[in-house]
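Accompanying notes for the structure given below.
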Amino acid sequence: MNRTFRLCLTLAVSLASTVVFAADKLPSVVVLATGGTIAGAAASDVQAAYTSGQVGVEQLLAAVPQAKKLAAMRGEQVANIGSQDMNDEVWLKLAKRVNELAAMPDVDGIVITHGTDTIEETGYFLNLVVKSKKPVVLTAAMRPSTALSADGPLNFFNAVAVAANKDAGGRGVLVVVNDWIHGASSLTKASTTAVQTFLSPLRGLIGTIAYGECEFYRGPVGKNTLDSEFSLDGVTALPRVDIVMAHENMDGVIIDAAVAAGAKGIVIAGVGNGNMTKPALDALAAQAKKGIVCVRSSRVVTGRVGRNVEVDDDKLALVASDDLNPQKARVLLRLALLKQRSLADIQRLFREY
Ligand code: ASP
C-alpha cells in the first residue's frame with residue numbers, strides 16, 4: 001500500500017465513521033424539574049405519608065439510566081415543590097425557560113417533571129403560551145420515588161421517549177403518565193390516589209406508549225403553541241380569576257367576596273350543565289353587568305357547557321366554558337384578560353382553545 005492510498009483509506013474510514021456517528025446522534029432533551037411526587041420521598045417504601053419535591057433533578061436523571069439510550073439529557077431545577085403549591089412565579093419562570101430552550105437549535109424536546117395535582121393546569125397554560133412545535137412533555141407520578149412499585153421511573157422513561165420522538169411535535173403540549181399520551185388541553189386528574197388517575201374523557205388519548213414505543217392516534221384539539229394568540233412577552237403578572245363551586249342552597253356571598261378580593265373574572269364550577277341556584281345566578285349576573293367576566297363551567301367530570309341551555313347567557317352577559325373544566329377555564333380566562341376584549345371575543349376563545 002503506498003502512502004497516498006493509505007492516506008485516502010484513512011480519510012475514507014474517518015469520514016464514514018463521522019457519517020455513522022452523525023446518523024446515530026441521539027436527540028437532545030432538556031429536563032426541567034419542578035417537584036411533585038415523582039421527586040417525593042417517604043420514610044419507608046410501604047407507607048402512605050410522604051413529602052413531595054425532595055429529590056433533585058440530577059438524582060432523578062441518575063435513577064433512570066435507561067433513558068440515556070433514548071436521548072442526550074441535561075437537567076435544570078426550576079422549582080422543587082408539591083404542585084398544590086404551584087404559583088404564578090413558577091409558571092412565568094417555567095414558560096420563559098421552555099420558550100428559550102425550544103428556540104435553541106440543539107434542543108429537540110423538553111420534559112417537565114411535575115406533581116399530579118395541578119399538572120393539567122400547568123400543561124394547559126404552557127399549551128397556550130409556548131411558541132414552538134417541538135415536543136414539550138410533562139410527566140408525574142402518583143407514588144413517591146421511595147415507594148414499592150414506584151411509577152415515576154417508567155413515566156419518566158416514557159416522557160423522554162416522547163420528547164425525543166419527532167412525531168410528537170405539533171400535537172400541542174403533552175402529558176405522559178401510566179403508558180398514556182394525553183393532550184394538555186384534554187386530560188384531567190380523576191382519582192386522588194390511583195396510579196391510573198388521568199383521563200381524557202371528552203377527546204380521548206393522543207396516543208399510547210409502551211416502554212418507549214409510541215403510537216400516535218390524533219393531533220391536538222384546540223389552538224395551541226405556535227397557533228395560539230397568547231403571549232407572555234412583557235407579562236409580569238396574571239389577572240386574578242377565582243373559581244366558585246355551585247351547590248345546593250347556594251347564595252351569592254362567595255361570588256361577591258371573590259370580586260371584593262380583586263377577581264377580574266369568575267369561573268363557576270356549576271352543577272350539571274353549568275347551572276346554579278337563582279340567588280347565585282342573580283349575584284353572578286350583577287357582577288357581569290359591572291364588567292367582571294363570568295364563565296359557567298361544570299363540576300361534572302365530563303361533558304360540554306353550552307350557551308343558552310338552561311341559563312340565558314345572552315341576556316345575563318355570561319360566557320359558557322365549552323369543554324374546559326373549571327381549572328382549565330380559569331387558565332384561559334386569565335390569559336384572555338391580559339387585554340381588553342368583548343364578551344363575544346372571550347366566548348370565541350372558549351370555542352377555539
Ligand atoms: N401533591 C402531589 C403534587 O401534586 C401529588 C403528586 O404529585 O402526585 O405535587
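Read the figures in this text as sums done on the coordinates, not as results from a lab. Note that this is a predicted model, so its numbers are computed, not measured. Using ideal geometry, Cβ is built from the backbone for each residue, glycine included, and neighbour counts are taken over all protein chains shown.
Observations on the structure shown:
- Phi-derived couplings, Karplus 6.51 cos²θ - 1.76 cosθ + 1.60 at θ = phi - 60°, listed residue by residue for region 62-76: 5, 6, 10, x, 4, 5, 5, 7, 8, 7, 7, 10, 9, x, 9 Hz, with x used for Gly and Pro.
- Dipole of region 211-353, positive direction: furthest Cα of 236, 219, 294, with charges on the beta-carbon: 236
- Aspartates and glutamates whose Cα lies under 16 Å from that of residue 289, excluding same-chain neighbours fewer than 8 positions away: 256, 312, 313, 314
- Summing charges over neighbours of residue 179, with a neighbour being any other residue whose Cβ is under 12 Å away from its Cβ, gives -3 when K and R count +1 and D and E count -1.
- Most positive-pole-ward Cα, 195, 172, 122, against dipole of the chain from beta carbon charges: 172
- Net dipole in debye of the chain [+1 Lys, Arg Cβ; -1 Asp, Glu Cβ; about Cα centre; nearest 20]: 880
- Averaging the sequence gap over all C-alpha pairs within less than 8 Å and six or more residues apart, then dividing by the number of residues, gives the chain a relative contact order of 13 percent.
- Net charge of Cβ neighbours under 11 Å - reference residue 117; Lys, Arg +1; Asp, Glu -1: -2
- Most fluctuating residue given options 76, 310, 121, as computed from a GNM of the chain linking Cα atoms under 10 Å: 310
- Length-normalised contact order of region 20-130 in % [C-alpha pairs under 8 Å, at least 6 apart]: 38
- Dipole in debye (nearest 20) - region 94-253, about Cα centre, beta carbon charges: Lys, Arg +1; Asp, Glu -1: 280
- Candidate lysines for bridging to residue 133, where Cα separation is under 22 Å - those fewer than 8 sequence places away on the same chain excluded: 25, 93, 96, 166, 223, 328
- For residue 339, the lysines whose Cα comes closer than 18 Å to its Cα, not counting residues fewer than 8 places off in the same chain, are 264, 290.
- Radius 14 Å from Cβ of residue 349, net charge of other residues (Lys, Arg +1; Asp, Glu -1): +3
- Whole-Hz Karplus values for region 253-264 come out as 4, 6, 4, 5, 5, 4, 5, 4, 7, x, 5, 9 Hz, taken residue by residue from phi with 6.51 cos²θ - 1.76 cosθ + 1.60 and θ = phi - 60°; glycine and proline positions read x.
- Contact order relative to length of region 107-199, as percent, for alpha carbon pairs under 8 angstrom and 6 or more apart: 31
- Amide H partners (placed H, <5 Å) of residue 245, local residues excluded: 269
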